[in-house]
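See structure below.
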Amino acid sequence: MLILTQADVERLLPMRDCIEIMSSTLATLARGDAVLPLRTVIRIPQTRDAFGVMPAYLGAPKTIGAKIVTVFPGNHGTELDSHQGAVLLFDRGNGRLAALLDATPITTIRTAAVSAVATRLLAREDASALAIIGSGVQARAHVEAMCAVRPIASLRVWSRNSEHARELAAFARDRFHLDASASPTGADAVRDAHIVCTVTSSTEPVLFGDWLAPGTHVNAVGACTPNAREIDSAVVVRSRLYADRRESALKEPGDIVVPLHNGEIGPEHVVAEVGDLVIGRGVGRRDDQEITLFESLGLAIEDLAAAAHVYEHAERTGAGVRIELGGARHASH
């Protein structure tokens, strides 16, 4: 078995490559060449913490495996990531465990890359003003991802941690030469933005519908459970809504589950999956005044596709560490 560390993954999975991998993966899903059960999540009693298992099969390239992950929101602001775990890849020919990869960088990079795919398909072509609510690892990854697909010139950041917001703005100025600054409120950050990304661990809305200007594209990334919301119902109602997977969007995120339960929207409010747009089967933005919304859930096939890419490059370059974990018959058995 090959073990690949965080540094290995970051080196072998550049953002621009990952964007194309995610586009292809979502297209494969849209064509029906994937097996993707809803994730299994165990809530740790008397905490906000969770343990999740996300198995999947992807038909192109043929990949089987799972991501196993813990989510500990209390890690925000510490030396530990809130999402930690591993991606397990199994040999598609003989079923042996082929590789174990650090899930943290895979999750970070592929999540932002999927947002980039949605943004490339849904945001206005001339979108140059970016707003980000949140200032953690995903915020940095989303700055890079948005700059890869649109001519971003300015960035406004709002975070409950104003110091982290200023640090993100400084990162964007230094790395991408953006006109970047921290805003005193979320409304100030979002005002006149062309693209808005919410990348927080909040359980209550941090983005409100009456803040959004016509023509805005929103990537809602942080909420993936029914009791968590980053956006209020007005954002959803005002928007033309897309998801990475329709079934997941209607069952998992509070962003969608709450207005659905309250009768403010129906299931048909999800216009299409992003993969439908990739293969030309769905209709995206219809004019420059529409507000579009991508609800990102994160899918196991995205993790597997990214991990398979890293594994294949590692095999060619000799990266990683090999260990004997069993699975082969030995005479002593």
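Every read-out reported here was derived from the displayed coordinates using simple, explicitly stated rules and does not represent laboratory data. Note that this is a predicted model, so its numbers are computed, not measured. When we count neighbours, we look across all protein chains shown, and the Cβ atoms used for this are built from the backbone with ideal geometry, even at glycine.
Odds and ends about this structure:
- Whole-Å distance, taken between Cα centres, linking the range 76-99 and the range 220-245: 27
- Dipole axis of the chain (+1 Lys, Arg; -1 Asp, Glu on Cβ), positive-most option in 201, 283, 34: 34
- Shape class for the range 15-174, computed from the alpha carbon gyration tensor (a ≥ b ≥ c): oblate, with a/c not under 1.5 and a/b at or below b/c.
- For the range 93-242, the dipole from Cβ point charges (+1 on Lys and Arg, -1 on Asp and Glu) about the Cα centre works out to 340 debye, to the nearest 20.
- Here the chain is treated with +1 on each Lys and Arg Cβ and -1 on each Asp and Glu Cβ, and its dipole about the Cα centre works out to around 580 debye.
- Across the range 122-295, the relative contact order, built from alpha-carbon pairs under 8 Å that are at least six residues apart, equals 21 percent.
- Taking a sphere under 11 Å around the Cβ of residue 302 and counting the other residues whose Cβ falls inside, with K and R at +1 and D and E at -1, yields a net charge of +1.
- Report note on the peptides 147-157, 182-192: ranked by the mean count of other C-beta atoms within 10 Å, highest first, their order is 147-157, 182-192.
- By the equivalent-ellipsoid construction on the alpha carbon gyration tensor, the range 78-122 comes out with semi-axes of 26, 19, 5 Å, ordered largest to smallest.
- Restricting the range 187-285 to chymotrypsin sites (Phe, Trp or Tyr not before Pro) in coil, as DSSP defines it, with at most 16 other Cβ within 10 Å: 208
- Ellipticity estimate at 222 nm from DSSP helix runs (n ≥ 4, -39,500 (n - 2.57)) divided over the chain, nearest 500: -11000 deg cm²/dmol
- Per the Debye formula on identical point scatterers at the alpha carbon atoms of the chain, with no solvent, log10 I(q)/I(0) at q = 0.08 Å⁻¹ is -0.35.
- Entry note, the chain: relative contact order of 20 percent, from Cα contacts under 8 Å with a spacing of 6+ residues.
- Within the listed set 282, 222, 134, the residue fluctuating most in the Gaussian network model of the chain (springs between alpha-carbon atoms under 10 angstrom) is 282.
- Overall Cα dimensions of the range 122-295, principal axis frame, Å, largest first: 42, 33, 25
- Expressed per residue, the C-alpha convex hull volume of the range 40-105 stands at 93 Å³.
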